[in-house]
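For reference, the structure is listed below as structure tokens.
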Amino acid sequence: MTKQTIVLGAGMVGVSVAWHLAQRGRDVLLLDRRPPGQETSFGNAGIIQRESVAPYAFPRDMKTILKVLPNRRIDIRYRPAGMVAAASPLFSYWLNSMPDRYKKIVPEYASIIALCTDEHEPMIVAAQAQKLVQKKGWLQLFRTDEALRDALLNAAEARTMGVEFALLQRAELEQIQPGLSSSIIAAIHWQNSWTVESPGDLVQAYAQHAETMGVTFVQADIQCIDQHSGGWQVTTATGTYDAAEIVVALGPWSQRYLAPLGYDFPLFVKRGYHMHYRQPQDQQATLNYWLMDSEKGYLLEPMKYGIRLTTGAELANLEAPPSYSQLDAAEHEARKLFGIGERADPIPWKGARPCLPDMKPIIGPALKHEGLWLAFGHGHQGFTLGPPTGRLLAELMDGEPTAIDMRPFRAERFR
């Protein structure tokens, strides 16, 4: 089968790339081992995070590092084997989190975050997925004045980059979200971020609309990719597919398929878990908003399948067996925050975020091969940044001026 462009990966990023290429009239084949939106994009917190203009930096102050070392925190856990395997990129991550370097990274990262809601909106409308999306923001909860004060300083800086927020004292918070623990003293209401009741369903809706524009989806295990005189060939367990150009948007699995072509990107993963909970029958308050328990490090979200609890990050090897202690600890705290009921899923979900040490994704052409394009490494924000990535990569592939400066996202920064 010959296609003009093959997109590998049917998460939010890959589907968005396929959507934008199809909108431009390209003949697109979308390949993945699972249906669209059923891998990492399925299990996230479901927030299109317009407020996330500053990426997650590696902790550098000794107070925080000493708290992390016992490996009992909810927001971050680590496996020693995973730390050893990712030692080099993690060290680079630590270096890039130095104040002078991080200060340069933030505006570059913010430039693509600023596009997120504007680029999701036409896809939401085209896919008729408005019912999945709420545009009332989400709440970051605080237990201490010190944590609130630090967060407000960061929020004020974010406001200069188009982020909208409001400080809610306890009485105001109680009016829009009753039923919270008395330990919560205030919240930041991030107002121009959007929430999605089923992230996987939104990706599927985008994919289904892409199919109406001519995108062909094939579910198959990808074995290898090769360049030949006519372009590119992808070999799967069920057949081979040819195209003039190929896009690798395979998230944490991208390096696996690029290594045989001579690429060695410093990709590492932050894993995460989620579980759904039933609403207790005696619980009078309803969860109205997505909530982040800021000083504990987990989120609660009112979703299609119940109240979803999502954990922070786990630094571990991609294929390491799951460890549910982080989820168990988060659940213990969540039950004290808000009345969640029994577990609704047979087993917890586990996923992996593809991360790069300078906290920015790779978007653009590969260094060594014509017709090979890259779109991965979005860290915590693949769900947020899929549509902006699709637009920007399509502009690059068609040789057009891009909406933002793409130099900070080029692959050659890792040469």
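Since every read-out is calculated from the coordinates, none of them should be taken as a lab result. Since the model is a prediction, treat every value here as computed from it, not as a measurement. Because the Cβ atoms are built from the backbone with ideal geometry, glycine has one as well, and the counts that use them run over all protein chains shown.
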Quick one: of the DSSP bridges fully inside the chain, what percent are antiparallel, nearest 5?
-> 70
Computed ³J(HN,Hα) along the range 149-159: with the Karplus parameters 6.51/-1.76/1.60, θ = phi - 60°, integer Hz and x for glycine or proline, the list is 4, 4, 5, 5, 5, 5, 5, 5, 5, 5, 4
Cβ-based charge dipole, the chain, positive-most Cα from GLN208, LEU66, ALA166 = LEU66
Residues with amide H under 5 Å of ASP345's amide H, sequence separation 5 or more or different chain, H placed in the peptide plane at 1.01 Å from N; which?
-> HIS276
For the chain, convex hull volume per residue from C-alpha positions, Å³ | 138
List the lysines whose Cα lies under 17 Å from the Cα of LYS360, skipping any in the same chain that are fewer than 8 positions away.
-> LYS103, LYS104, LYS270
Taking Cα pairs under 8 Å and at least six residues apart, what relative contact order does the range 146-217 come out at, in percent?
-> 28
Between the helical axis of 99-113 and the dominant principal axis of the chain, each derived from Cα atoms, what acute angle in degrees is found, rounded to the nearest 10?
-> 70
Highest to lowest packing among 319-325, 180-186, scored as the average C-beta count within 10 Å | 180-186, 319-325
Report ³J(HN,Hα) in whole Hz for each residue of the range 389-396, in order, from the Karplus equation J = 6.51 cos²θ - 1.76 cosθ + 1.60 where θ = phi - 60°; Gly and Pro get x.
-> 4, x, 5, 5, 5, 4, 5, 5
Can you list the residues, at least 5 places off or on another chain, whose amide H is less than 5 Å from the amide H of MET303, using H built in the peptide plane?
-> ARG308
Whole-Hz Karplus couplings 3J(HN,Hα) for the range 236-246, θ = phi - 60° and coefficients 6.51, -1.76, 1.60, Gly and Pro as x, run 10, 5, 10, x, 10, 9, 10, 7, 6, 9, 9
Helix 87-96 versus the longest principal axis of the chain: what is the Cα-based angle in degrees, 0 to 90, to the nearest 10?
-> 70
Under-5 Å amide H pairs with LEU30, H placed in peptide plane, nonlocal only = VAL7, THR216, PHE217, VAL218
Mind putting a number on the dipole of the chain about its Cα centre? Charges go on the C-beta only, +1 for Lys and Arg and -1 for Asp and Glu, and I need it in Debye to the nearest 20.
-> 800
Give the shape of the range 196-271 as rounded, prolate or oblate, defined through the alpha-carbon gyration tensor: a ≥ b ≥ c are the square roots of its eigenvalues, a/c under 1.5 means rounded, and otherwise the shape is prolate if a/b is larger than b/c and oblate if not.
-> oblate
Kindly express, to the nearest 10 degrees and within the range 0 to 90, the angle between helix 325-337's C-alpha long axis and the longest C-alpha principal axis of the chain.
-> 40
Arranged from highest to lowest average of other beta-carbon atoms within 10 Å per residue, in what order do the peptides 91-104, 138-151, 367-380 appear?
-> 367-380, 138-151, 91-104
